[in-house]
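For reference, the structure is listed below as structure tokens.
The values are calculated or read from the model by the stated rules, or taken from the named source; none is laboratory data. Just so it is clear, the model here is predicted, and its values are computed rather than measured. Cβ: placed from backbone, ideal geometry, glycine included. Neighbour counts: every protein chain shown.
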Number of protein chains: 4
Amino acid sequence: MLVVMQEGASEAQVQQVIDRMVQLGFNVHRSTGVVHTVLGGVGGKQEFDVATFEVMEGVQEAHRIMSPYKLANRTFRPGGTVVKIGGGGHPPVEIGGNQVVVMAGPCSVETRDQIERAAEIVARGGAKIIRGGAFKPRTSPYSFQGLGENGLELMRAAADRNGLLVVSEVMDLTQIPLLVQYADILQVGARNMQNYNLLRELGRIRKPVLLKRGIAATIEELLLSAEYILAGGNYDVILCERGIRTFENYTRNTMDISAIPVVKKLSHLPIVADPSHGTGRRDKVAPMARAALAAGADGLLMEVHHDPDHALSDGAQSLYPAQFEELMGQLRMIAPAVGRSI
Amino acid sequence: MLVVMQEGASEAQVQQVIDRMVQLGFNVHRSTGVVHTVLGGVGGKQEFDVATFEVMEGVQEAHRIMSPYKLANRTFRPGGTVVKIGGGGHPPVEIGGNQVVVMAGPCSVETRDQIERAAEIVARGGAKIIRGGAFKPRTSPYSFQGLGENGLELMRAAADRNGLLVVSEVMDLTQIPLLVQYADILQVGARNMQNYNLLRELGRIRKPVLLKRGIAATIEELLLSAEYILAGGNYDVILCERGIRTFENYTRNTMDISAIPVVKKLSHLPIVADPSHGTGRRDKVAPMARAALAAGADGLLMEVHHDPDHALSDGAQSLYPAQFEELMGQLRMIAPAVGRSI
Amino acid sequence: MLVVMQEGASEAQVQQVIDRMVQLGFNVHRSTGVVHTVLGGVGGKQEFDVATFEVMEGVQEAHRIMSPYKLANRTFRPGGTVVKIGGGGHPPVEIGGNQVVVMAGPCSVETRDQIERAAEIVARGGAKIIRGGAFKPRTSPYSFQGLGENGLELMRAAADRNGLLVVSEVMDLTQIPLLVQYADILQVGARNMQNYNLLRELGRIRKPVLLKRGIAATIEELLLSAEYILAGGNYDVILCERGIRTFENYTRNTMDISAIPVVKKLSHLPIVADPSHGTGRRDKVAPMARAALAAGADGLLMEVHHDPDHALSDGAQSLYPAQFEELMGQLRMIAPAVGRSI
Amino acid sequence: MLVVMQEGASEAQVQQVIDRMVQLGFNVHRSTGVVHTVLGGVGGKQEFDVATFEVMEGVQEAHRIMSPYKLANRTFRPGGTVVKIGGGGHPPVEIGGNQVVVMAGPCSVETRDQIERAAEIVARGGAKIIRGGAFKPRTSPYSFQGLGENGLELMRAAADRNGLLVVSEVMDLTQIPLLVQYADILQVGARNMQNYNLLRELGRIRKPVLLKRGIAATIEELLLSAEYILAGGNYDVILCERGIRTFENYTRNTMDISAIPVVKKLSHLPIVADPSHGTGRRDKVAPMARAALAAGADGLLMEVHHDPDHALSDGAQSLYPAQFEELMGQLRMIAPAVGRSI
């Protein structure tokens, strides 16, 4: 770590900082400049709070040098992680490899008929994985809250019939056993990105986890949340950009497309994009899906419904089947420009 | 609800919107202006998604009229809610009444000695309630994670010895029974503000809940989360402003002091402020505590430690005992200016 | 306009709102619901402040219906605007037509040699317009502030020799005559987006204006600023997305790619993207340039320098010549997917 | 400056960074840790771009040590600056001293009668300075744009009659001579905070400048803008917090009360708060004015109008005369708690 003392900091203040660094196990190198004294610390423990130094008397600024995540860091696996999903009766799907993977389906599983139609549409369009929620976190307590286990059963059956794999959200650690039974990828929603008890438990299972970025989470915080899962021994983590909250509210969120190349540089984990939640408006899904692919995303997660006008949730951001098909065609044209197929 | 059609919207488009409104149970009043047609809907169901209309062809904008929360709305209890806490051996404490209530203590319970000292300091200073975490949500998996039940035992004993009540965080719905046993107020942390399963369970208990605003939550979303608890029959909800995330990062968060008068207008629920998390820096706690009081807060939640330099968590934002005492003196001077005592 | 009264608003309060609306020239339609009274106003003046109604007693919410910009609104020219640039000795360039236009060059004009090399590089790569600053708005008063008129002369000569047009920033209304003399497009920087005196003067000239979105400007505010120029009779306005300020600070700004399709829907004006300022980092320019094109941008504005490591300003976000060439190749592959050429 | 190399950075990469640092005039100290190599630079030039290092191969992070502002830094005048205003016939007013100074008046000067009434109201309430705009920067080109020089004349006369000093906004460098003639303090609006040509000219005059924080400006940027004025030799700069743009939009802006103690620590310049623009709603002005004072503001800038319901601009955020008087009474009660008078 590095501590820069203020201009005119007293020798006693410098000494106090050094003492604290030593307490934390650092070897301290002092460099006394004309204006500022700088203290460099090497080898101390990683889990200290850098703010402790920032509020000490005479300190101008303090910086942690080691990135606070280790297993999620690109240096841990410079070649990048390819998450392999499925198996059994299904041809396995890889996320993070050459092929860009499309996951599509309705916001919620509503009825057998609805999910069967969705499965057909997305399979025909070229998606490899179907998405659909059985437990819905809703801002209002008066909204539709999902079908629960029955929804998972219906989606699994529809997926199997159409050669698709399944991704579905786990809202709570008590739901993990159920999700593991029905889904190929367990999704952690944006609101749960820092539900550490849940993340810790997901570190103990052996199924891939799709971790969505919280709407106010920095990229560093997203990687720290991934670290919770990796630290438990589950290395199959797929990150997902789905929009952050900004002052602009024409779109529900502002999709941070630049997070895609940034994550690629900082981490070895694959990253996909969710333009449906990223924008909240059907007419913006296609442009943002194309943009995410052009920026280097490893996959796309999108809401498609056979009849969005009557969807029980998120209808406004669900694509019509024809829109989905047209978009898939555009994506196939863009992929080669970034050295990928779809 | 209200839908404003675009200039030049076709009659067919208008009719489609009317049909959708009727489907949702609204009586529709149409007003055809020179430029815009406006459709007003009365009496429909409350839990529809306004975006459904926003993406329809020919629609310029759509507005929900009824606020999406009912029980948290000021119109539900125009006189305001006073939450009564404690009883048994303790003199009850009221939050939302004339007296401004101070809750103070360490970030985490660390040892018996530490929490006993903290209890003495805060009781002597005039706090009525001690705070302290037994389960710590930490951004990094490598940081101190709390003492668990033992921490709760130690804090309860220290509180009882000093005539204090106890507020402590519940991280997960599985922890509710334990917290109910030891704490007088169950705190929901900012990261859990939209953990709806947890909120729903807290609606079923009969102990007050202190609900912290998420760092990216609008005031409306905070009130909707309170609604989850109220809807379960637990009306003793105390809201807490503790800083939002903005582009400014000199302070860890930007404390939204204006949320205090805004909540007072929109809702009947009491609101307290947490300047420790709101700023993340000890030297900013006192000014922001004074500001929150001056803006009308019903209480303050603050971190105080007998030895912040060696705290296991949040040391940088914990007040020294002498700072806490000095601040309490200032607060006593300000309270009469807003017609309160402390 | 629409005013929604609070539940339980008194008749006197309703009457006061009606009176105010009448004062502003509105014909008022009153609709009295079971819970809320709604007042619709038609035909009043456009330039009122909607907040005037929001703070009136008994008012729950107030909405302006007419969008506050008229000339920038898509309804004004549903087919879209194509800005024609240049002429004279140059083949004219169109922005907003089928072809996506690339504008590239250094941040600042530094020397004759530097701008000549830049012109060669960008012309060879396929750019039609060279960019370069002669007057530099710098955050610090101690940084390089530009070559002034001499810079413009050098850039004009280099552009002419390479068959390029010129875009350059006007910082101040006193500089307009000078810029008109040398540049084909006058650029208004993000910090000047709401410099209304400058905008008003630019409405009086007959050269195209490239108007950059301010880092904290909503899309509506960007269109209102364009309205200032259009209202003066200059209809050749090109909008530019160049990143907004958010809590994420790994990138200098967060480029709001979704602003591109949003502007396309709301306005007839062409919109280009500036991934150099949008990210502030050279290694993120290519992915974001591709993303902007895939999302529907009409052009790209990028910084390229023959030797970025020794640029006097913005070196960190300037592309190396080889990077620029490689990127142009990728862009040519993506353009057909959105029905464009480059 | 400090550069931290990535884990595994090659010797050649380290050498390139060292070379660049040497080019910029730094003496380089290298410290080779087990994981990271850290390069410290001393004595180089101040006006370099730290991003230049961030994008170099093998670099993990780079930090500037010297704060980029020198004259605005608290170390330049540890005791703090007291700006003395007025003189001539008026008793001088000090901002930054023990007394908290209230500046109040209408948004715009509208008529002789209106400004005369305003002057009486604010003088009677205890304000020392009258505010009022003669040139109005308005988001829409169709709104009232101010009375111009005539407005200044009317305000000067009203101020003189009531023993008040005058603060008024300068929108453009061409307006400086006019403003200097009529006003005692020249106000730079939030939108002009980074209008560097204007700031530079204001450095050459000898009247105090009130510099408002831009809605998306960090505190560091505010101080850098102040530096432009100070660097010209005008040391009488008063900073002003007036709200920043965040995702919360119940209030027009989010007033960053914590900026007040932060500026006090970083700089010697006085800081005042503008709760009228900070909130945009009359009913929030009083709580935020009290909060700003309690947090340590040196003054308050507020909008008061004898008849806000008919104000030509900003009526919704202007206090009624009776509200202003009541607020002044509350402020007088709070001031002693922070060791001030009013």
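Out of everything in the range B:215-235 that is buried (at least 24 other Cβ atoms within 10 Å of the Cβ) and not hydrophobic (A, V, I, L, M, F, W, C), what residue ends up being farthest from the other protein chains (Cβ to nearest Cβ)? For the range B:215-235, the residue satisfying everything is B:Ser225.
Say whether the condition of being within 19 Å of D:Leu269 (Cβ to Cβ) and more than 12 Å from the chain's Cα centre (by Cα) is met by at least one residue in the range D:210-222. No, that holds for no residue. The number of residues in the range D:53-68 being of a type outside the set (D, E, K, R), at pLDDT 85 or above and either assigned to a loop (DSSP other than H, G, I, E, B) or in contact with a helix residue (DSSP H, G or I) (Cβ under 7 Å, 6 or more places away or on another chain) (or both) comes to 6.
A single entry from B:Gly79, B:Gly133, B:Gly87, B:Gly97 fulfils the requirement of being surrounded by fewer than 20 Cβ atoms within 10 Å (Cβ to Cβ), more than 30 Å from C:Glu61 (Cα to Cα) and not basic (Lys, Arg): B:Gly87.
Taken over the range D:315-342, the criterion of being over 26 Å from C:Ile18 (Cβ atoms), in contact with a Gly (Cβ under 7 Å, 6 or more places away or on another chain) and crowded, with 24+ Cβ neighbours inside 10 Å is satisfied by D:Phe324 alone. The number of residues in the range C:169-194 being in contact with a Pro (Cβ under 8 Å, 6 or more places away or on another chain) and touching a residue at least 60 places away in the same chain (Cβ under 8 Å) comes to 2.
For B:Thr251, indicate whether it is under 24 Å from A:Gly214 (Cβ atoms) and surrounded by fewer than 24 Cβ atoms within 10 Å (Cβ to Cβ). Lay out the reasoning, then the answer.
On the way: under 24 Å from A:Gly214 (Cβ atoms): yes; surrounded by fewer than 24 Cβ atoms within 10 Å (Cβ to Cβ): yes.
Yes; evaluated as a whole, the condition is true for this residue.
Summed over the range B:39-75, residues that are more than 10 Å from every other protein chain (Cβ to nearest Cβ) and farther than 23 Å from C:Thr75 by Cβ total 2. Taken over the range B:260-275, the criterion of being closer than 21 Å to B:Ile342 by Cα and facing another protein chain (nearest Cβ under 8 Å) is satisfied by B:Ile260, B:Pro261.
So is C:Asp172 within 18 Å of the chain's Cα centre (by Cα) and in the same structural domain as C:Ala231 (by TED's automatic domain parsing) or not? Break it down into steps so the answer makes sense when it comes.
Working: within 18 Å of the chain's Cα centre (by Cα): yes; in the same structural domain as C:Ala231 (by TED's automatic domain parsing): yes.
Considered against the rule, which asks whether it is within 18 Å of the chain's Cα centre (by Cα) and in the same structural domain as C:Ala231 (by TED's automatic domain parsing), C:Asp172 comes out as yes.
Please work out which residue is nearest to C:Ala337 (Cα to Cα), limiting yourself to the range C:276-297 and to residues that are more than 8 Å from every other protein chain (Cβ to nearest Cβ) and touching a strand residue (DSSP E or B) at 6+ places or on another chain (Cβ under 7 Å).
Here is the first cut: in the range C:276-297, the residues more than 8 Å from every other protein chain (Cβ to nearest Cβ) are C:276-277, C:285-286, C:289, C:297.
From the residues that got through so far, the ones that are touching a strand residue (DSSP E or B) at 6+ places or on another chain (Cβ under 7 Å) too are C:276, C:285, C:289, C:297.
Details: C:Ser276: 23, C:Val285: 20, C:Ala289: 15, C:Ala297: 13 Å.
Once the filter is applied, the top-ranked residue is C:Ala297.
Tell me whether the range A:270-280 contains one or more residues that are in a loop (DSSP other than H, G, I, E, B), at pLDDT 95 or above and either over 15 Å from the mean Cα position of the chain (by Cα) or not β-branched (Val, Ile, Thr) (or both). Within the range A:270-280 (the criterion being in a loop (DSSP other than H, G, I, E, B), at pLDDT 95 or above and either over 15 Å from the mean Cα position of the chain (by Cα) or not β-branched (Val, Ile, Thr) (or both)), the answer is yes, since at least one residue qualifies.
Looking at the range B:197-214 only, could you name the residues that are in a loop (DSSP other than H, G, I, E, B) and surrounded by 22 or more Cβ atoms within 10 Å (Cβ to Cβ)? Lay out the reasoning, then the answer.
As a first pass, look at the range B:197-214 and keep what is in a loop (DSSP other than H, G, I, E, B): B:203-208, B:213-214.
Result: B:Pro208, B:Arg213, B:Gly214.
For the range D:94-124, enumerate the residues that are at pLDDT below 95 and not in a loop (DSSP other than H, G, I, E, B). Across the range D:94-124, the qualifying residue is only D:Ser108. Across the range A:288-314, the qualifying residues are those that are under 12 Å from B:Val55 (Cα atoms) and over 23 Å from the mean Cα position of the chain (by Cα), and the one among them that is surrounded by the most Cβ atoms within 10 Å (Cβ to Cβ) is A:Pro308. Which ones in the range C:16-38 are without any contact (Cβ under 8 Å) to a residue 12 or more places away in the chain and away from chain D (no Cβ under 14 Å)? Selection gives C:Ser31, C:Thr32, C:Gly33, C:Val34.
Among the residues making up the range B:76-126, those that are touching a residue at least 60 places away in the same chain (Cβ under 8 Å) and either on the phi > 0 side of the Ramachandran plot or among the aromatic types (Phe, Trp, Tyr) (or both) are B:Phe76, B:Gly80, B:Gly86, B:Gly96, B:Gly105, B:Gly126.
Taking the options A:Ala335, A:Ala273, A:Ala316, A:Ala291, name whichever one is within 21 Å of C:Val285 (Cβ to Cβ) and in contact with an Asp or Glu (Cβ under 8 Å, 6 or more places away or on another chain). Being within 21 Å of C:Val285 (Cβ to Cβ) and in contact with an Asp or Glu (Cβ under 8 Å, 6 or more places away or on another chain) holds for just one of A:Ala335, A:Ala273, A:Ala316, A:Ala291, which is A:Ala273. Answer yes or no as to whether D:Ala127 is of a type in the set (Gly, Ala, Ser) and not in a loop (DSSP other than H, G, I, E, B). Taking the combined requirement at face value, the residue does not satisfy it.
Given the options A:His310, A:His305, name the one that is of a type outside the set (D, E, K, R) and without any contact (Cβ under 8 Å) to a residue 24 or more places away in the chain. Quick ask: steps written out before the conclusion?
On the way: A:His305 fails: without any contact (Cβ under 8 Å) to a residue 24 or more places away in the chain.
Checking each option against the conditions leaves just A:His310.
Would a scan of the range C:333-341 turn up a residue that is modelled with pLDDT of 95 or more, away from chain D (no Cβ under 14 Å) and at positive phi? Yes: one or more hits. For A:Ala159, the criteria (1) of a type outside the set (D, E, K, R); (2) within 30 Å of C:Asp256 (Cα to Cα); (3) at pLDDT 95 or above; (4) not in a strand (DSSP E or B) hold in every case but one, which is (2). Apart from one condition, A:Asn249 fits all of (1) more than 9 Å from chain C (Cβ to nearest Cβ); (2) part of a loop (DSSP other than H, G, I, E, B); the exception is (1). Taking the stated definitions as given, is A:Gly88 at pLDDT below 85, in a loop (DSSP other than H, G, I, E, B) and either within 14 Å of chain B (Cβ to nearest Cβ) or over 25 Å from B:Phe144 (Cα atoms) (or both)? Answer is yes for this residue.
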